[in-house]
Structure formats: C-alpha cells, structure tokens
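Chemist: Before anything else, here's the structure in question.
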Amino acid sequence: MSRVEGGCYCGAVRYEANGECSNTMVCHCQSCRRVAAAPVVAWVTFPGSGFRFTKGRPKEFKSSAQVVRTFCPECGTPLTYRHDSSADAIDIATCSLDEPERFPPTHHSWLAHDLRWVKFGDGLPTFQESRPQP
Ligand SMILES: [Zn+2]
Ligand SMILES: [Zn+2]
C-alpha cells in the first residue's frame with residue numbers, strides 16, 4: 001500500500017493516490033505524444049477509488065471515444081488518463097508526482113507509433129502496442 005501526491009507545474013491542481021501501484025511504463029503512442037507535446041510520456045497506474053484531487057479542479061477532455069484525460073487549466077500540465085474499459089484504474093503522469101524516482105518504468109508501450117529519433121538505452125522490454133495482460 002502506498003500513498004503518493006503530486007500536481008501540476010503551477011500548483012493550482014494537486015492530487016493524492018492511495019493503494020497499490022499496478023503498472024509503471026513509458027508510452028510512445030501518438031495521443032500521449034500530442035497531448036503532452038513530448039516524445040514519450042511515463043505513466044503509473046493506481047486504483048481509481050484511491051485517487052482524488054485535493055486542490056483545484058482540472059479540465060477534462062476526451063482524447064478518444066473511451067478515454068478521458070485531465071490537465072491543469074492554468075498551466076496545462078497533463079495529469080491523468082482514464083479508459084472506460086478499466087473503470088477502477090487511473091493512470092497518473094509519472095512526472096507530475098512529487099517523487100517520480102519512486103516509480104521507475106518496467107517497460108515501453110506503443111513502439112508502433114514511435115518517432116524514429118527516439119532512442120532509449122535502458123534495456124527495458126518494449127511492445128508494439130500495449131503490453132499483453134498476464
Ligand atoms: Zn497548473
Ligand atoms: Zn499513450
């Protein structure tokens with residue numbers, strides 16, 4: 001059981017998540033890339049029931065039919081991702097955590113969308129799409 005806190009760059013939006021972190025990865029998909037305007041985005045997954053915003057109110061938008069993302073309306077930091085098919089899970093942008101060092105990624109997903117100039121030398125497993133469920 002862990003408890004983590006984080007928020008956006010400007011401090012207007014803060015959150016906490018309680019529970020077991022079930023996944024930590026780096027996503028190379030096109031929608032993460034465009035939403036964050038960054039080559040890749042690292043994510044950690046927590047139980048949705050243990051997550052709450054503790055300060056401010058993020059803006060929500062649908063990045064695809066089944067996906068709702070949030071970001072800070074003041075400074076734009078991407079914060080969370082929820083998919084309809086995993087109702088009790090929330091992905092949190094790892095680098096919005098106060099202590100991102102606690103959650104190193106275990107793999108890379110969606111290499112199928114990768115930019116050719118993105119080169120990681122970390123030796124972690126890579127997957128063309130999402131990592132298959134065990
Ligand atoms: Zn902000
Ligand atoms: Zn992605």
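Chemist: If I take every Cα pair under 8 Å that is 6 or more residues apart in region 3-64, average their sequence separation and divide by the length, what percent do I get for the relative contact order?
Modeler: On the way: 91 pairs, mean separation 23.3, N = 62.
That works out to 38 percent.
Chemist: On each of the three principal axes of the Cα atoms of region 1-58, give max minus min coordinate, whole Å, ordered largest first.
Modeler: 29, 27, 14
Chemist: Shifting gears a bit: Taking amide H positions as placed in the peptide plane 1.01 Å from N, state which residues far from Cys8 in sequence (5 or more) or on other chains have amide H under 5 Å from it.
Modeler: Correct list: Val13.
Chemist: A follow-up question, please. Taking the full set of protein chains and a 1.4 angstrom probe, give the accessible area of Glu60 in square angstrom, rounded to the nearest 10.
Modeler: Rounded to the nearest 10, the figure is 130 Å².
Chemist: Quick one: compute the contact order of the chain, relative version, from alpha carbon pairs under 8 angstrom and 6+ residues apart, as a percent.
Modeler: It rounds to 27 percent for the chain.
Chemist: Using unit Cβ charges (K, R positive; D, E negative) and no other charged atoms, how large, in debye to the nearest 20, is the dipole of the chain about its Cα centre?
Modeler: Charge dipole, the chain, about its Cα centre: 380 debye, nearest 20.
Chemist: Express in Å², to the nearest 10, the accessible area of Thr106 obtained by rolling a 1.4 Å probe over the protein heavy atoms while all chains stay in place.
Modeler: The accessible area comes out at roughly 60 Å².
Chemist: A further question on this structure: Per-residue HN-Hα couplings for region 121-128, Karplus 6.51 cos²θ - 1.76 cosθ + 1.60 at θ = phi - 60°, whole Hz, x for Gly and Pro?
Modeler: After applying 6.51 cos²θ - 1.76 cosθ + 1.60, I find x, 7, x, 6, x, 10, 10, 5 Hz.
Chemist: Give the Rg/Rh ratio for the chain, taking Rg as the radius of gyration of the Cα atoms and Rh as the Kirkwood radius, to two decimals.
Modeler: My calculation of the ratio gives 0.94.
Chemist: For a quick check of understanding: with a 1.4 angstrom probe and all protein chains in place, what accessible area in square angstrom does Leu111 have, to the nearest ten?
Modeler: The accessible area of Leu111 comes to roughly 40 Å².
Chemist: Okay, next question. Please list log₁₀ I(q)/I(0) at q = 0.13, 0.15, 0.19 Å⁻¹ for region 29-85, using the Debye equation with identical point scatterers on the alpha-carbon positions.
Modeler: With one equal scatterer per Cα and no solvent, log10 I(q)/I(0) is -0.34, -0.45, -0.74.
Chemist: Quick check: with the 1.4 Å probe, what order do His107, His113, His83 take by accessible area, largest first?
Modeler: Correct descending sequence by accessible area is His113, His83, His107.
Chemist: Through the Karplus equation 6.51 cos²θ - 1.76 cosθ + 1.60, θ set to phi - 60°, convert the phi angles of region 15-21 into ³J(HN,Hα) values in whole Hz; use x for Gly and Pro.
Modeler: The phi angles translate into 9, 9, 9, 10, x, 8, 6 Hz.
Chemist: Can you put Trp110, Trp117 in order of accessible area, largest first, using a 1.4 Å probe? Provide the component values of the computation, followed by the final result.
Modeler: Numbers: Trp110 70, Trp117 175 Å².
Sorted by accessible area, descending: Trp117, Trp110.
Chemist: What Kirkwood radius, in Å to one decimal, follows from the Cα pairs of region 70-122?
Modeler: 13.7
Chemist: Shifting gears a bit: In what order, largest first, do Thr54, Thr45 sit by accessible area if the probe radius is 1.4 Å?
Modeler: Thr54, Thr45
Chemist: Taking θ as phi - 60°, what are the ³J(HN,Hα) couplings along region 59-70 by the Karplus curve (6.51, -1.76, 1.60), each to the nearest whole Hz, with x for Gly and Pro?
Modeler: Each residue's phi maps through the Karplus curve to give 8, 10, 8, 8, 8, 7, 4, 10, 10, 10, 10, 10 Hz.
The values are calculated or read from the model by the stated rules, or taken from the named source; none is laboratory data. Because the structure is predicted, anything quoted here is derived from the model rather than measured. Quick reminder, even Gly has a Cβ in these numbers, built from the backbone with ideal geometry, and neighbours come from all protein chains shown. These accessible areas exclude ligands, DNA and RNA; they are computed on the full protein's heavy atoms, side chains included. Shrake-Rupley method; radii C 1.70, N 1.55, O 1.52, S 1.80 Å.
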